[in-house]
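Structure record follows, encoded as structure tokens.
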């Protein structure tokens, strides 16, 4: 990580500029802040992160529409065992895939009690936890693989890392209902620089450094040049 030191002033300036609560209303993370119960935050956050692609305003709107079907508490609705029937579509999400993911969440809660409960055995190796979560959720439901990704097959799985960041980090932006239980989660765009236990053994920072130096995707993402 010492070779990233030349970029520290840039990164710190961008952090100070954008890591402010006033920007939350423009970001799907604000959906998570709308709940106070950790289980509601985890479930709502997962949907918000998985829907977080394409135009941001549309993603937020569609997530709110989905959660309205689970109001006032996604966790309470899940505990009833009710099937989620909804006509909502978002990008490649179809009503039947939304229903299938909901069924898989119900199965996971039945075995582990919570989403945090599933990840707790992997708190020292979140990469393995994400890979296990993907395998668990797509078991018998291969149609969900395109939405959840597959780390072991080389998928970046940025939306799941985004969700985990919301769950694990606690500050002005990230609500952190799991804070103190897990190691700090890397930001999705810096996953290749993840500390030991948060990435596969062969990950390094070379690509990230090169993109910062050349004005590539990482630099544009951090500077806001390609913000949706």
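The values are calculated or read from the model by the stated rules, or taken from the named source; none is laboratory data. Bear in mind the structure is a predicted one, so any value in this text is a computation, not a measurement. We place every Cβ from the backbone using ideal geometry, glycine too, and count neighbours over all the protein chains shown.
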Subset tally (residues that are touching a residue at least 40 places away in the same chain (Cβ under 8 Å), within 21 Å of the chain's Cα centre (by Cα) and surrounded by fewer than 13 Cβ atoms within 10 Å (Cβ to Cβ)) for region 1-25: 3
Candidate set from region 140-154 (those that are outside any helix (DSSP H, G or I), surrounded by fewer than 20 Cβ atoms within 10 Å (Cβ to Cβ) and touching a residue at least 12 places away in the same chain (Cβ under 8 Å)); member that is farthest from the chain's Cα centre (by Cα): 141
Residue that is surrounded by the most Cβ atoms within 10 Å (Cβ to Cβ), among those in region 111-125 that are modelled with pLDDT of 95 or more and more than 19 Å from residue 47 (Cβ to Cβ): 113
Options 61, 41, 82: the member that is over 19 Å from the mean Cα position of the chain (by Cα) and either under 24 Å from residue 93 (Cα atoms) or touching a residue at least 12 places away in the same chain (Cβ under 8 Å) (or both): 82
Condition check for residue 80: surrounded by fewer than 17 Cβ atoms within 10 Å (Cβ to Cβ) and over 26 Å from residue 181 (Cα atoms): yes
Answer from 103, 128, 136, 107 - the residue that is touching a helix residue (DSSP H, G or I) at 6+ places or on another chain (Cβ under 6 Å), without any contact (Cβ under 8 Å) to a residue 40 or more places away in the chain and either part of a helix (DSSP H, G or I) or buried (at least 20 other Cβ atoms within 10 Å of the Cβ) (or both): 128
Verdict on residue 70 being modelled with pLDDT of 95 or more, surrounded by 18 or more Cβ atoms within 10 Å (Cβ to Cβ) and not in a loop (DSSP other than H, G, I, E, B): no
Residue 87 being surrounded by fewer than 20 Cβ atoms within 10 Å (Cβ to Cβ) and part of a helix (DSSP H, G or I): no
Members of region 46-63 that are crowded, with 17+ Cβ neighbours inside 10 Å and farther than 20 Å from residue 156 by Cβ: 60, 62, 63
